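Values in this text are rule-based calculations from the coordinates and carry no lab data. Model, not experiment: these values are computed from the prediction. Cβ placement follows ideal geometry from the backbone for every residue including glycine, while neighbour counts extend to all protein chains displayed.
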Amino acid sequence: KFLDNDIEKVVDADRAHVWHHLIQHAPWTGPDPKADPRIIVEGKGMRVWDQKGKEHLDAVSGGVWTVNVGYGREEIANAVRDQLIQLPYFAGSTGSIPGAMFSEKLISKMPGLSRVYFTNSGSEANEKAFKMVRQIAHKRYGGKKHKILYRERDYHGTTIGALSAGGQDERNAQYGPFAPGFVRVPHCLEYRAQWDLSGEEYGKRAADAIEEVILAEGPDTVGALCLEPVTAGGGVICPPEGYWPRVQEICRKYDILLHIDEVVCGVGRTGTHWFGYQHYGVEPDFVTMAKGVASGYAAIACCVTNERVFEMFSDDADDPMNYFRDISTFGGCTAGPAAALANMEIIEREGLLENTTRMGDYMLDQLHALMDKHEVIGDVRGKGLFLGAELVSDRTSKEPVAEKAVGAVVADCNAQGVIIGATNRSLPGFNNTLCYSPALIATKDDIDEIITATDNALTKVFG
Ligand code: PLP
């Protein structure tokens, strides 16, 4: 039904007017275009179809870890439709039925946390947490405890504020100057360890490196530490044992608020638990989330806090400044929480947290088997259906393969009808990790297809 003649007009209109995210346009613009922009026209389950009618297995959940429950979910569409007819919007300072019901459901999965602040992108959710930290610093500490620590290789969003906390240099290059008061701490990627340690000892050492930064900056100037539980675009990095308990200990020791960015890991992606931090027994003060919250069926993001944070904004009715002086216009849309509630119900009813663990373990095994076969795979890692394979030209030196070669593997998988991803260029030699994040409904057959495509592509590109 979608492959009518009009699709050519759509492609022309796209080529002429749409500015696509995160891509060079030169190949498909100008007088002699070498390629067409890709337009995805339809999706069902794990599959999508492009403008030429070609079917693809989507191993990246809509490109960026988002469509957790897969495509074509009428239940979510109907929940949104019904809600839009009843009430599409009223500004965020008032409540809404889906806002309240989704918040109750979400908080039931997040022991220790109690308040949900609605917004509409991951970047914005992180900005909200940063603003809360700054306001707390002013209210409680005369503005002094205002610094926000972030980690090398982590990413927290695209706005200038969020980029100020950006640990991926390619994303930041040419956009400075950035906001002051953001301080970088070292990464925690055991495969590329900065210290001659491994396992739990490496994890503890990487956390101690955060303490060293805190001491150098002055603990009374540091308000918060913002981390991804499993780093996404920075290389699919799972922290080793020992890291998180020590991080928690350090935050408590210096009264530093712990902000976990669950924009990618949140809502089932890592399996078993609803959130990535829950694998590590961490007790955060802020949790931000976006992508998988409504699986992309509506734009919604949240900054969730504990009662301790909330009370700092609500404990003094006589102070006219004692509230969070912030608004997000589209944080008042009702489609987001309506979709998010239906999304969570699907995950529960279909046992998708369990499926994610089962299929994630299976896929990790398959990637290890590929590693035995292909010398170019230096490391495989991940949690749940959030996996990466780092490509190196030499296993001893760990020299990353050329970025072009990674692009060729991704392109070859694409040509075979399987959409996979790769990490950002970021630091030199950084864009060398293949990324997989199929929807949480993935089956063994889907995973076999993804692995076979990768196997073929690696053979073709590296021999
Ligand atoms: N945080 C993390 C960990 C992300 O990966 C992203 C986006 O990829 C963001 C925040 C920003 O989210 P958004 O693109 O919705 O602003």
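Does anything in region 55-72 have its amide N under 20 Å from the 7 Å Cα→Cβ label point of Arg358, and if so which residues? Counting backbone N atoms under 20 Å from the label point, the list is 68-71. A straight chain from Ala369 to His17 at 0.36 nm per residue would run longer than the Cα-Cα distance by 122.2 nm. Between Glu75 and Asp196, the contour length at 0.36 nm per residue exceeds the Cα-Cα span by 38.4 nm. For region 239-354, a/c is not less than 1.5, where a ≥ b ≥ c are the root eigenvalues of the C-alpha gyration tensor, and a/b does not top b/c. That puts it in the oblate class. With the highest mean first, a sort of the peptides 318-329, 277-288 on other beta-carbon atoms found within 10 angstrom per residue produces 277-288, 318-329.
Around the Cα centre of the chain, unit charges on the Cβ atoms of Lys, Arg, Asp and Glu (plus for the first two, minus for the last two) sum to a dipole of about 640 debye. A cut-off under 13 angstrom between Cβ atoms defines the neighbours of Thr334, and their net charge, with Lys, Arg +1 and Asp, Glu -1, is 0. The stretch between Asp32 and Arg184, if pulled fully straight at 0.36 nm per residue, gains 50.3 nm over its current Cα-Cα span. Cross-link list Lys109/Lys398; Lys131/Lys253; Lys52/Lys398; Lys105/Lys147; Lys54/Lys291: which exceed 31 angstrom alpha carbon to alpha carbon? Correct reply: Lys109/Lys398; Lys52/Lys398; Lys105/Lys147.
Projecting the Cα atoms of Ile7, Tyr243, Tyr71 onto the charge dipole of the chain, computed from C-beta unit charges around the Cα centre, puts Ile7 farthest toward the positive end. Protection proxy ranking of 349-358, 27-36, by the mean of other Cβ atoms within 10 Å over each peptide's residues and highest first, is 349-358, 27-36.
Karplus-based coupling profile of region 455-463, in residue order and whole Hz: 4, 4, 5, 5, 5, 5, 7, 10, x, with θ = phi - 60° in 6.51 cos²θ - 1.76 cosθ + 1.60 and x standing for Gly or Pro. Computed from phi, the 3J(HN,Hα) profile of region 391-397 under the Karplus parametrisation 6.51, -1.76, 1.60 (θ = phi - 60°) reads 9, 10, 7, 8, 5, 7, 7 Hz, with x in place of Gly and Pro.
When you count the other C-beta atoms within 10 angstrom of each residue and take the mean per peptide, 451-461, 14-24 line up highest first as 451-461, 14-24. Calculated FRET efficiency, Thr221 to Tyr323, Cβ-Cβ distance, R0 = 22 Å: about 0.30 to the nearest 0.05. Under the classification rounded if a/c is under 1.5, otherwise prolate if a/b is larger than b/c and oblate if not, where does region 253-307 fall, given a ≥ b ≥ c as square roots of the Cα gyration tensor eigenvalues? Cα axes put region 253-307 in the oblate bin. Let me know the shape class of the chain, please: from the alpha-carbon gyration tensor, a ≥ b ≥ c as square roots of the eigenvalues, rounded when a/c is under 1.5, otherwise prolate if a/b is greater than b/c, or oblate. Oblate is the answer for the chain, as a/c is 1.5 or above yet b/c matches or exceeds a/b. Along region 345-358 the Karplus relation, 6.51 cos²θ - 1.76 cosθ + 1.60 evaluated at θ = phi - 60°, assigns HN-Hα couplings of 5, 5, 4, 5, 4, 8, x, 6, 5, 5, 4, 4, 5, 4 Hz to successive residues, with x for each Gly and Pro. The Asp50 and Gln174 beta-carbon pair, evaluated with R₀ = 35 Å, returns a calculated FRET efficiency of approximately 0.65.
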